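Notes follow the structure.
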Amino acid sequence: MALPDLDDLIAEVDRRCDTAHRPGGQEQPDWLALLTVAAQLAGQMQALADDLVEDYVEHCRMHGSSWTDIGTALGVTRQAVQQRFHAPHKRYSPETMTDGLRQAMVHVKRAAVHHRNNYIGTEHLLWGLTAEDNSATRLLRAAGLSPETVHRSVGTRLSMGASQAAERIAWTPYSRKAIALAEARSEQHGSDRIDCDDLLIGLARVGRGVAADVLTETGFDPAAPDAAATDATATATATATDA
């Protein structure tokens, strides 16, 4: 894979901020607008790079590498690498999940173990969410999509690994982001437990990873369910007010 060079990135900034260039080229472009877009693009690339490194740091730790070894590989001290990567990740216990999501997690773990993967990726989460009827599959059907099709599609992207350490399975950065988004959505809707539909939308909203790709390909819009709920609430409020 060829990495973009500076000219490629400048062209991308110009494409994203075409309104900064005035017609006919008679005047100077809006350099501040271009700088804003360039900073946004740089931030997105840095976030992706950080996720890439963090993912491999987790794998190194799971396979017994010391913080000193990891620091040496990254060209920094042990203290520096621990400070950057050793922040404890929030753990989601079964008590934070609905019965439906706990059952889906059984399928998630089963998929990882069956494929000898030592991680829980977004693909495992989506596969587990669509393994049987729950609030996620009902949400897909309400959007006019087939949960069975999604399940088969993500199933083809589960790759066979070589891990024998099923007890050391860890969540990838994208998976952790997805459930954090799911938790935020459940709290926004007044629930103290995360449900399957929350995690489905979290997977879509992450915007990266296998699950997001599959959901995008099927045409799932993560904003649509909440927008529909907002519209329904507004309609009900207006009706009650008119009455």
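Details
- Using a cutoff of 8 angstrom between alpha carbon atoms and counting only pairs six or more residues apart, the relative contact order for the range 130-206 works out to 33 percent.
- Look at the alpha carbon pairs under 8 Å that are at least 6 residues apart: their mean separation over the length of the range 101-143 gives a relative contact order of 40 percent.
- Residue-normalised accessible area of the chain, expressed per residue, 1.4 Å probe, Å²: 59 Å²
- Take every Cα pair under 8 Å whose residues are at least 6 apart in sequence, average their separation, divide by the length of the chain, and the relative contact order is 16 percent.
- The alpha-carbon atoms of the range 100-173, seen along their principal axes, cover 39, 24, 21 angstrom, with the largest extent given first.
- Comparing Val210, Val37, Val57 in a Gaussian network model of the chain, where Cα atoms under 10 Å apart are tied by springs, the biggest mean-square fluctuation is seen for Val37.
- For Glu183, the accessible surface of its heavy atoms amounts to roughly 30 Å² (probe 1.4 Å, protein chains only, rounded to the nearest 10).
- Derived scalar couplings between HN and Hα for the range 116-124 equal 6, 9, 9, 8, 9, x, 4, 5, 5 Hz in order, rounded to whole Hz, by the Karplus curve 6.51 cos²θ - 1.76 cosθ + 1.60 (θ = phi - 60°), x for Gly and Pro.
- Split the accessible area of the chain by element, probe 1.4 Å, and carbon with sulfur accounts for 56%.
- The chain: most fluctuating residue of Thr77, Thr19, Thr218 per GNM, C-alpha cutoff 10 Å: Thr19
- A Gaussian network model of the chain, with springs between Cα atoms under 10 Å, assigns the largest mean-square fluctuation among Pro222, Pro94, Pro29 to Pro29.
- Over the Cα atoms of the chain, the radius of gyration divided by the Kirkwood radius equals 1.05; this is the Rg/Rh ratio.
The values are calculated or read from the model by the stated rules, or taken from the named source; none is laboratory data. The structure presented is a predicted model; accordingly, all values stated were derived computationally and were not measured. What goes into the accessible areas is simple: the full protein's heavy atoms, side chains included, and nothing from ligands, DNA or RNA. Shrake-Rupley method; radii C 1.70, N 1.55, O 1.52, S 1.80 Å.
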